[in-house]
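One structure is given below, encoded as structure tokens.
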């Protein structure tokens, strides 16, 4: 037997110990990941409550950490800034709101929700239905939406640019509100129901900003009225060419 080889029994024992060691490492890794996930969830839950209660300006990351039962250092390890924290918290709240608000059925031809004036066509009605839906979602958690709107305004003023990935601190990136609006605007433009005076992505960002802005400048406004205003702006700035 070569000197570098181990007796069969010793070789099997070494392999068993190595396997046990790897299993322990895997177990510790899984435990650490589970603990980190629980901490993140606790921070996001606390953030939603604290930002809703105290608003954007008065809330500190330390306040959220205290409610979550963790140290400020742990909170900053998960979320490096207050902007990142509210962005992640609102993204969860927004998705929950969408899940709770089913998409509307299309209105019969020639009719609109609330008895408003007829819309140019089915694609514009789809846009209107979506605006009503997201207005209800935004109003569902009024105080948190208002805090998020302040955070977005503050961050936009700081960086002076549109959202641009990757930027882990940008609260605008976690909640994809403008993108579906842009898709619906583009579809209405392509069908000829709306004009091409503005880029749909640019207008979608403006409508999103206004939606959030209304939540803290007009806290008592009905979601249907908010949606009607957003739609009026979209139709007004994108008039279809007369046939």
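Residues checked against (1) under 22 Å from the mean Cα position of the chain (by Cα); (2) exposed (fewer than 15 other Cβ atoms within 10 Å of the Cβ):
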position: 157; (1), (2): yes, yes
position: 166; (1), (2): yes, yes
position: 224; (1), (2): yes, no
position: 238; (1), (2): no, no
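Among the residues of this structure, residue 176 counts as one that is surrounded by fewer than 18 Cβ atoms within 10 Å (Cβ to Cβ) and either under 30 Å from residue 78 (Cα atoms) or touching a strand residue (DSSP E or B) at 6+ places or on another chain (Cβ under 7 Å) (or both). Only helices (runs of 4 or more DSSP H) whose full extent lies in segment 1-80 are considered here, and the ones with at least 3 residues that are modelled with pLDDT under 95 are 8-58.
The values are calculated or read from the model by the stated rules, or taken from the named source; none is laboratory data. Quantities reported herein were computed from a predicted structural model and do not represent experimental measurements. Quick reminder, even Gly has a Cβ in these numbers, built from the backbone with ideal geometry, and neighbours come from all protein chains shown.
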